Amino acid sequence: MIKLSRRKFIRLLGATGTVSALGTLGVTLGGCSGKPGAGPRVVVVGGGFGGATCAKYLRRFNPSIQVTLVERNASFVTCPFSNTVLGGLQDMDSIQHSYDALRMQHGVKVLQDQVTAIDPAGNRVTLQGGGELEYDRLVVSPGIDFRWDSIEGLDESTSDTIPHAWKAGPQTITLRSQLETMADGGVVIIAPPDNPFRCPPGPYERASLIVNYLKTYKPRSKLLILDAKDKFSKQGLFMQAWEQLYPGMIEWVKGSDGGKIYRVDAANRTLHPEIGDPVTADVINFIPPQQAGAIVHAAGLVNADGWCPVDQRTFASTLQPNIHVIGDASIAGKMPKSGFAANSQAKVCAAAIVSELGGTAMPDPSYVNTCYSLVAPDYGISVAAVYRLQDGKIVKVEGSGGVSPMDVPAEYRRDEARYARGWYQSITQDAFG
Amino acid sequence: MLVSNTTFRGLLVALAIGLLTTLQVQADEISRATLLSISCAGCHGTDGKSPGSIPVIGGKSSDFIATALRQFSSGERAGTVMGRHATGYTDEEIQLIADYFAGR
């Protein structure tokens, strides 16, 4: 039996003018429910690493699919490398990416708008700007939102005084300007949340790059990490580097030793830990506990913990039909909530959708995560893993993965810092280029 | 219009298949090699065309890529993160990935 792709089929028909003949027979080519001659419609909600990558790869796999990406912002500011902005090493422009390539090179229709409601039964979404979009498949990549009510005294407005800067953009600028304004000898607090949260090594890279700035410009200052957890990602590597690069400047307090905060007094820049006395600082970066981005909650896509359960092979929601959830919002087995993981999941999800719409079988997927952290401009460390599906769950391939080795020559750390920058260029190109 | 016999037969087959499908998109099947390899693009760039300091692998010979991956996996070749990746793939998968990027 000859296997003929739809693309080749159309090309063949087009070459001989047969399309019009088919048209008169009332045959539509490929529309599941779309207009005659048009391919199935996939709507992607959210233009971060997950959504942008998924939109691009859907079109790369099958250009007859009509892909609409709905994103509220005109461009995307990446959380990865936003810590270099906080540390004064890079500017905001360097972490900002437009959707031009998705539009011009990949034929994605990009709508600057916001989805206000998802109607799973009607296969459509409502837009804030008015109107609705119908879909054959919906991909939701909403990232995270904060659980403001989980900490006393915390709400969205307090982030003007004690920024989270855990969604890059205006919050990054707020925190940076507070650091610039702070006098030498000041105290900075970073308060990371309990698991699960976006970018597990992120708070500790942030501590490193802020102190790298303070060391040069405000050397009498200190940084305190009041952690909700008792351990953290790449902990041994970070702590070894801090001792070596920033002796006496960073103090980490674990959750059970008084790091866990139950109350925030934003006006007085004071944090109340569960154990011990309140702590006041000059600059506080409070990173609130998290859950899946707002849009999925009303659509019935989340479990009791506020995250989205999915078939980890296809990222199809296990709660609603024809909807896939990728990235930070999804429960993806052992994969961390990272931009890289979202990029990897987006490609698997795109392959699953294209295979399903085309009636072909998708081979077993493979997933990857690679996260670099800069401890200083020329000092990088990494964590990586390859993942497969086992009994329906994403698990690490045994023997693969792990973190950078301890006690290596400076040259190794320099190489990883260089690769961290190359990593950034590659992943942003793979998602937005 | 002049159409050769073979082309004409081909067209008929194509037409028949087209009408017999459920009118869904008939995509090229996504291969195992593709699904394995696209995850490399996160660091090595789309199609292995890295724009920065990470080595370009798209268009390198299959032999070059497979040898590097096997040496990273065995520890024979020193690297930073690649040893931790290469151990995640079987020898057969390494070959599929190498062939995929050689064709980019």
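The values are calculated or read from the model by the stated rules, or taken from the named source; none is laboratory data. Because the structure is a prediction, the values reported are computed rather than measured. Using ideal geometry, Cβ is built from the backbone for each residue, glycine included, and neighbour counts are taken over all protein chains shown. Side chains are part of the model used for accessible areas, which takes the heavy atoms of the whole protein and leaves out ligands, DNA and RNA. Shrake-Rupley method; radii C 1.70, N 1.55, O 1.52, S 1.80 Å.
What the table below lists for this structure:
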quantity: Cβ-Cβ under 7 Å pairs, at least 6 apart or on other chains, region A:64-91 side of a type in the set (D, E) and surrounded by fewer than 22 Cβ atoms within 10 Å (Cβ to Cβ), far side outside any loop (DSSP other than H, G, I, E, B) and at pLDDT 95 or above; calculated: A:D91/A:V85
quantity: Residue in region A:160-167 that is buried (at least 18 other Cβ atoms within 10 Å of the Cβ) and over 23 Å from the mean Cα position of the chain (by Cα) present; calculated: no
quantity: Residues located in region A:348-368, provided they are in contact with a Lys or Arg (Cβ under 9 Å, 6 or more places away or on another chain) and either among the acidic types (D, E) or open to solvent by less than 10 Å² (accessible area, probe 1.4 Å) (or both); calculated: A:V348, A:A350, A:A352, A:I353, A:E356, A:L357, A:G358, A:D364, A:P365, A:S366, A:Y367
quantity: Pairs, first under 18 Å from A:V296 (Cβ atoms) and outside the structural domain of A:A342 (by TED's automatic domain parsing) in region A:122-140, second modelled with pLDDT under 95 and surrounded by fewer than 19 Cβ atoms within 10 Å (Cβ to Cβ), C-beta under 9 Å, six or more apart; calculated: none
quantity: Segments classed as strands (runs of 3 or more DSSP E), wholly inside region A:338-424, with at least 2 members that are under 26 Å from A:V44 (Cα atoms), in contact with a strand residue (DSSP E or B) (Cβ under 8 Å, 6 or more places away or on another chain) and at the interface with another protein chain (Cβ under 9 Å from one of its Cβ atoms); calculated: A:366-376, A:379-390
quantity: Cβ-Cβ under 6 Å pairs, at least 6 apart or on other chains, region B:44-67 side within 10 Å of chain A (Cβ to nearest Cβ) and touching a residue at least 12 places away in the same chain (Cβ under 8 Å), far side outside any loop (DSSP other than H, G, I, E, B) and open to solvent by 30 Å² or more (accessible area, probe 1.4 Å); calculated: B:G45/A:Q429
quantity: Matching residues in region B:30-87 - criterion: being at positive phi and crowded, with 17+ Cβ neighbours inside 10 Å; calculated: B:G45, B:D47, B:G48
